[in-house]
There are 2 protein chains.
Amino acid sequence: MPYPKNMNKNNSNMNEEQAKAKARKPKPGFLSRFFTSSQNLFSTMTRKPFLKQTLATLFLVFILYAIFNAFFYPTDSSAAFDATTFPSVLLAAGNSNSLPVKVFLYDLPRRFTYGVIHHHAMARGSRANLDDVASLKYPGHQHMAEWYLFSDLSRPASKRAGSPVVRVADPDEADLFFVPFFSSLSLIVNPSGLDKPVYSDEENQEALVEWLEEQEYWKRSKGRDHVIVASDPNAMYRVIDRVKNCVLLVSDFGRLRLDQGSLVKDVVVPYSHRIRTYDGDVGVDKRNTLLFFMGNRYRKEGGKIRDILFQILENEEDVIIKHGAQSRESRRAASQGMHTSKFCLHPAGDTPSACRLFDAIVSLCIPVIVSDNIELPFEDTIDYKKIAIFVETASAIKTGHLVSKLRAVTPDRILKYQKELKSVKRYFEYDDPDGTVNEIWRQVSRKLPLIKLMISREKRMFGKGAECACICRNETAIRTL
Amino acid sequence: MPYPKNMNKNNSNMNEEQAKAKARKPKPGFLSRFFTSSQNLFSTMTRKPFLKQTLATLFLVFILYAIFNAFFYPTDSSAAFDATTFPSVLLAAGNSNSLPVKVFLYDLPRRFTYGVIHHHAMARGSRANLDDVASLKYPGHQHMAEWYLFSDLSRPASKRAGSPVVRVADPDEADLFFVPFFSSLSLIVNPSGLDKPVYSDEENQEALVEWLEEQEYWKRSKGRDHVIVASDPNAMYRVIDRVKNCVLLVSDFGRLRLDQGSLVKDVVVPYSHRIRTYDGDVGVDKRNTLLFFMGNRYRKEGGKIRDILFQILENEEDVIIKHGAQSRESRRAASQGMHTSKFCLHPAGDTPSACRLFDAIVSLCIPVIVSDNIELPFEDTIDYKKIAIFVETASAIKTGHLVSKLRAVTPDRILKYQKELKSVKRYFEYDDPDGTVNEIWRQVSRKLPLIKLMISREKRMFGKGAECACICRNETAIRTL
């Protein structure tokens, strides 16, 4: 776990002033270059008498003063966005692309955060103590965005330099409100096969929404400027209609209606990869398996394709396709398989997305995606055609089609895919200081203009007519109900 | 006209390299402060002998060299976004909020730009020469965004410092493609009452789309990354379904279906105000009229409200409500009226928007908006509740309601509205160097992540199912057809 367990002890250290002061500092590169040049100048003057050196030093001090003066009291227009002089008619955050977005982290009742970890631990026989949050380790699973984002915001501001968002202590200053409910962990608190459930996820979902609906800042915007992680496709299902105004951080829209979730309103986040990252270099020599898949053979809905793919592929000699459930041993076997294969199969699961895609990416194993309706994280930034091969389901189930397509890919082309995979790997590493977490915040930040617009428009609109603003593919016509 | 008439003569001077070089230059404030400080230093040294002065000058030159060196070869991370080192898997523009967006200005056949001005002039008896574009003055009217944006992009890069977009000469480098068809002027080329039309707007619209559909960059994205101005609600109506993928710059969505235009995909731009800007200070002393309106009493659709408002208001003694068409004289009278009134009525026209709102704003005359479905420009940035009074149509037509509501507004409250109006006035001044044009580009830039996402997603998606991504108000359910 890369974040300190007691990360929420220093929360109050973080405020916007510090972040601003930080932002005002000149870039280190500039001053170090300047000093180096100055030292060179000094060395050319060592033969001159002492007085001249003193004079030169004074000169330098004056020059430095002039520079610092210019830097610390900039006259450019960005300085005009100071909170104290900003006219209130202007919605500050919408006004500049370069201002860091300000996020308020709700101090939720503990039942929604550490309480969930506590229940999860207790249901597995631990005697963890809820009063000692340092003893509560968030357990590893596929949907850990909620943990990493909460941990990130909980760190002191000094450790969050470079983040696209700053945390603010005063909700009045906030552009966005982060609700750190562990909604995906909440779904899996009760171990499967338990006779008597010890915990009710549904009760907790409802309690959360009741708590939110009492909050002043929720009421003000009907939740429009609130951010909630619901990365397991089933997370928050009980209350989804009451939180659908929020920016939802999801894995896909497989279980959401068009008015509940969309690429416009929400952010698609990656699964937490569950196998070891491949740290070696690109290359085909040690990757003798053509295509690798290990996972559940039998899934619902779009995942029914899996059984058909098993039948087609299981007798191909350079293909490894194995049925296996999540376990430490199977993850170890999957790591080994993905690190030694050229291609990794990614068929749809119960919903179009699945963890395996991200395992493949960090393994530099070229994903072969057979999932026609998949949504992909950060697709405004990453061109997935350059790191993955997309095969339409109808083609993939033709005998021989998939393997002959993959066997035709030249080693040069494979190397190219691998290089591209390597260059985007960090976007899928929640642990990377400039990885998934920062990119999620960047994506969330980009929603802000539309959020501001929807809020200020809502305040002055009359009537309650059904009304949506959309972006559509191709020859699509839509109408409101 | 604030832009040089022969602005397109130097187009070829403008390329991205220059723009980049410009972006790297230190801010003028910095160097001028630096030189001032240095001059002060020199003046303290005038009593020293000549040699020392020379030495000091040399020293200064070295220091300046060091500074320039540091500035022109920056080591900060933004330099990493250089096109040559950027991995191609990353969609450059989506990757940083702070990069200026790169726009390619199509060199359209002249029939779509100066040809339209030429036809407009000829239809009014001018003998203007199409070969001498400097002689072709774009005529003033309500929908001049198309002219100002074209003029802005046509200026040399050196005059576009501070713009949220840079023009690039190479379309391969472009994030967005600007199509400078004068679509609103094209609508009004034929003077009303002409027996035999001299020009066909519809033919020109179709010719434009045929030309566009031949362009490599249009084909690549099906127009998704193209920007077209259609600010008159009737502009481009003939071909709207063939350009609906584009970012449309519109006045409202009154004549567009949900899949043709939306707040998500498009940008609402202000009308060009048609009366003189009020340059005086805030105050109520010289504003003796309570409410002012001058315009067409009889309009279609939502504009039918106007006749009812005339009946209710025309006998109120502190209200001026006059029927009048557009003319130089009526504009002079409207300037006078708006500059001496506290409130200015803005009822819906044929579509929910109208020029009058922007006349009122630049007059510091508080807009009273009676138009339930109006869309407002830059509403992610401007909180219109702070500069305007919104009255629901159903209430506005109750006898006495409007005037008693306005009479109850205290002078202090009026001053507050006026101050807010003054602080946002520049957003409605197409002439202002940091006014409407820059704000439109900023709004267009904010569409880029979604455009990049739609394009890269489209390339790898299978199937042609109807599909929209939406953001909705309240309890709305939508479904695709």
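Computed FRET efficiency, Cβ-Cβ of A:Gln326 and A:Lys159, R0 35 Å: what is it to the nearest 0.05?
0.65
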Subject >> Contact surface B-A: accessible area buried, both sides summed, square angstrom, 1.4 angstrom probe >> reply: 10100
**OP:** For A:Glu317 paired with B:Ser200, estimate the spin-label separation in nm (one decimal), with each label point 7 Å from Cα along the Cα-to-Cβ line.
**Re:** 6.9
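What FRET efficiency comes out for B:Ile308 versus A:Asp172 if R0 is 51 angstrom and r is the Cβ-Cβ distance? Round to the nearest 0.05. If you can, show how the numbers build up before the last one.
On the way: r = 42 Å, r/R0 = 0.83.
For R0 = 51 Å, the calculated efficiency reads 0.75.
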**OP:** Would you give the gap between the C-alpha center of region B:363-419 and the C-alpha center of region A:183-224, rounded to a whole Å?
**Re:** 41
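Residues with beta-carbon under 13 Å from that of A:Ser231, excluding A:Ser231: net charge, scoring Lys, Arg +1 and Asp, Glu -1? Write down the numbers at each step before the final one.
On the way: positive: A:Arg255; negative: A:Glu146, A:Asp232, A:Asp252, A:Asp266, A:Glu375.
After counting each charged neighbour, the total is -4.
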Subject >> For A:Lys322, residues with placed amide H under 5 Å, excluding near neighbours >> reply: A:Phe293, A:Met294, A:Gly295
Subject >> Carbon plus sulfur fraction of accessible area for region B:114-161, probe 1.4 Å, in percent >> reply: 48
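For region B:106-204, which trypsin sites (Lys or Arg not before Pro) are both in a DSSP coil and crowded by at most 15 other Cβ atoms within 10 Å? Can you show the working numbers first?
Working: sites: B:Arg110, B:Arg111, B:Arg124, B:Arg127, B:Lys137, B:Lys159, B:Arg160, B:Arg167; in loops: B:Arg124, B:Arg127, B:Lys137, B:Arg160.
Filter output for region B:106-204: B:Arg124, B:Arg127, B:Lys137.
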Original post:
If you keep only loop residues by DSSP, which trypsin sites (Lys or Arg not before Pro) in region B:359-424 have at most 14 other Cβ atoms within 10 Å of their Cβ?
Top reply: B:Lys398
Original post:
Name the residues of region A:379-411 whose accessible area falls by at least 30 Å² when all protein chains are present instead of the chain alone, probe 1.4 Å?
Top reply: A:Glu379, A:Asp380, A:Thr381, A:Asp383, A:Lys385, A:Lys386, A:Phe390, A:Glu392
Original post:
How much net charge surrounds A:Gln205 when only other residues with a Cβ under 15 Å from its Cβ are counted (Lys, Arg +1; Asp, Glu -1)?
Top reply: -4
Subject >> Cα-only radius of gyration and Dmax that characterise region B:97-268, units Å >> reply: 16.1, 54
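How much net charge surrounds B:Asp350 when only other residues with a Cβ under 12 Å from its Cβ are counted (Lys, Arg +1; Asp, Glu -1)? Don't skip to the end; give the middle numbers.
Numbers: positive: B:Arg255, B:Arg299, B:Lys300, B:Lys304, B:Arg306; negative: B:Asp232, B:Asp252, B:Glu301.
Net charge in that neighbourhood comes out at +2.
Can you list the chymotrypsin sites (Phe, Trp or Tyr not before Pro) in region A:272-364 that are in a DSSP coil and have 16 or fewer other beta carbons within 10 angstrom? Intermediate results must be reported in sequence, preceding the final value.
Working: sites: A:Tyr278, A:Phe292, A:Phe293, A:Tyr298, A:Phe310, A:Phe343, A:Phe358; in loops: A:Tyr278, A:Tyr298.
Passing sites in region A:272-364 are A:Tyr298.
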**OP:** Hey, for a label at A:Val284 modelled as a point 7 Å past Cα toward Cβ, could you say which residues of region A:292-324 have their backbone N under 17 Å away?
**Re:** A:292, A:318-319
Original post:
Sorted by accessible area (1.4 Å probe), largest first, how do A:His120, B:His119 line up?
Top reply: B:His119, A:His120
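Based on the alpha-carbon gyration tensor of region B:289-428 and its eigenvalue square roots a ≥ b ≥ c, which shape applies: rounded if a/c is under 1.5, prolate if not and a/b is larger than b/c, or oblate? Please list the in-between numbers first.
Numbers: a/c = 1.24, a/b = 1.19, b/c = 1.05.
Judged from the Cα gyration tensor, region B:289-428 comes out rounded (a/c under 1.5).
The values are calculated or read from the model by the stated rules, or taken from the named source; none is laboratory data. These numbers come from a predicted model, not from an experiment. No Cβ is skipped: glycine too gets one built from the backbone with ideal geometry, and neighbour counts run over all protein chains shown. For accessibility, only protein heavy atoms count, side chains too; no ligands or nucleic acids. Shrake-Rupley method; radii C 1.70, N 1.55, O 1.52, S 1.80 Å.
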